[in-house]
Amino acid sequence: MKRISKQVMAGNVKIGGGAPVTVQSMLNVPSTDIEGSVRQAVALEKAGCQILRAAIPDMDAVRLIPAIKEKISIPLVADIHFDYKLALEAAAAGVDKIRINPGNIGGDDRVKAVATVCREKKIPIRIGVNSGSVEKSILAKYGAPTAEALCESALYHASLLEKFDFTDIVISLKSSSVDTNIKAYERIAERCDYPLHLGVTETGTLRMGIVKSAIGIGSLLQRGIGDTLRVSLTADPAEEIRTGHDILSALGLRGGVKLVSCPTCGRTRIDLIGLANKVEKALEYVDKDITVAVMGCVVNGPGEAREADLGVTGGKGEGLIFKKGQIIRKVPEAELLDALMEEIDKL
């Protein structure tokens, strides 16, 4: 069952409250490069990014906000650490959401100033806790950045905003340990009704980063926990977006084309791996809620993949195109991709 949180608005995007899970990413162009940041922001929106975050490390970086917002239609989040004045300036510049930890910006007067301007401008605040940001007193209590320590730290930061009647809050608690990550989100889901931003931090490069994120994020979504996500990879941010959408697709949480393919075996008589890769690439441009199968032989072809809307199965130098388990065409191997795409176009 889906955990229903309270709902906040980041620009024109709903977060929580039963809204669809959104995929986020973050610019990795230096904040000093405004032109490059704008160019990357546009590219990431085209790649499917639904909420975009940008680091705002100093006052000069505030200039990114109007420059980027002029060119994109998705919400922009200002990532801010320690300096509450940056939050105030980001809000004035028209940012849609702010990521800041209230406990790190100084006394109540500063927290109140940020809460007040964000309330007036209807800007939500994401509290982002990770293993390296847990307060010393909480670390001393638990001995390590455990799941309970992350949870307690996040609720502490939230309480500082609640003191000033600010509750348009999103929470994230990220650990590089997949197990700790999952346990932390399970705990926080039971202890508050704020929307949760999912992610596993510092996952590494593309291969292991995808694996850890798929487990850490996917298992929580399968439990109904999570309202928005970012796949953190040491890679092109476009890979983060693709992986995020793939996780949602694998769990049936988004529409679009779903590709299924068999792992091949000694019965395979066509270049199934090459064909599957070509089909996957071709399907990137198809906007239909369908399932497409690429199978290796008659043993696991139309029968095993009978639920697919369309599929192809291999023979010796040729293949069969099938629809809902029924064979509709036999074509030479070299023509399989074109024949399959022709049938997809007809749907």
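FYI, it's all coordinate maths here, none of it is from the lab. Quick caveat: nothing in here was measured; it's all calculated off a predicted structure. All Cβ positions, even for glycine, are placed from backbone atoms using ideal geometry, and neighbour counts span all protein chains on display.
Some values worked out for this structure:
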item	result
Between the range 204-233 and the range 131-191, the alpha-carbon center distance in angstrom	18 Å
Highest-MSF residue in the chain out of 80, 68, 138 [GNM, Cα springs under 10 Å]	138
Using a Förster distance of 35 Å, the FRET efficiency for residue 202-residue 290 (Cβ separation, nearest 0.05)	0.45
About the Cα centre, charge dipole magnitude for the chain (Lys/Arg +1, Asp/Glu -1 at Cβ), debye	600 debye
Cβ-Cβ FRET estimate between residue 193 and residue 222, R0 fixed at 22 Å, reported to 0.05	0.60
0 to 90° range, to nearest 10: angle between helix 272-283 axis and the chain longest Cα axis	60 degrees
In range of the label at residue 281: residues from the range 304-331 whose backbone nitrogen is under 19 Å from the point 7 Å along Cα→Cβ	312
Relative contact order of the chain, defined on C-alpha pairs under 8 angstrom at six or more residues apart (%)	13 percent
Computed label-point distance, nm, for sites residue 109 and residue 253 using a 7 Å Cα→Cβ extension	4.3 nm
Dipole magnitude of the range 279-347, debye to nearest 20 (Cβ charges: Lys/Arg +1, Asp/Glu -1, about Cα centre)	320 debye
Helix 237-250 vs. the chain, principal-axis angle (Cα, 0 to 90°, nearest 10)	70 degrees
Contour minus Cα-Cα distance for residue 32 and residue 345 (0.36 nm per residue)	108.2 nm
Between helix 147-162 and the chain: long-axis angle, C-alpha atoms, 0 to 90°, nearest 10	60 degrees
Relative pair counts by distance (%), Cα atoms of the range 60-123, 10 Å bins	23, 56, 19, 2
Mean projected area in nm² (Cα convex hull; one quarter of hull surface) for the range 229-297	5.7 nm²
Compactness relative to 2.2 N^0.38 Å, alpha carbon Rg of the range 104-153	1.41
q = 0.08, 0.09, 0.11, 0.15 Å⁻¹: log10 I(q)/I(0) that the Debye formula gives for the range 1-148, counting C-alpha atoms only	-0.24, -0.31, -0.46, -0.83
Extension reserve of the residue 14-residue 58 stretch, reckoned as 0.36 nm per residue once the Cα distance is removed	13.0 nm
Taking only Cα atoms of the range 258-347, radius of gyration then Dmax in Å	11.4, 34
About the Cα centre, charge dipole magnitude for the range 46-170 (Lys/Arg +1, Asp/Glu -1 at Cβ), debye	340 debye
Dimensionless Rg over Rh [the range 190-347; C-alpha; Kirkwood]	1.06
Above-threshold pairs, the threshold being 27 Å between Cα atoms, out of 6/174; 174/281; 6/46; 121/212; 122/163	174/281; 6/46; 121/212
Pair-distance profile P(r), taking every C-alpha pair of the range 111-214, with 5 angstrom steps and integer %	2, 13, 22, 20, 18, 13, 8, 3, 1
Rounded Å value of the spacing that divides the Cα centres of the range 20-89 and the range 247-272	34 Å
Inverse mean reciprocal Cα-Cα distance (Kirkwood Rh) of the chain, Å	21.9 Å
Alpha-carbon radius of gyration plus Dmax, which is the widest Cα pair, for the range 177-222 in Å	10.9, 34
Sites residue 269 and residue 165 - FRET efficiency at Förster radius 51 Å, r taken between beta-carbons, to 0.05	0.15
Farthest toward positive dipole pole in the chain [+1 Lys/Arg, -1 Asp/Glu at C-beta], among 151, 272, 34	151
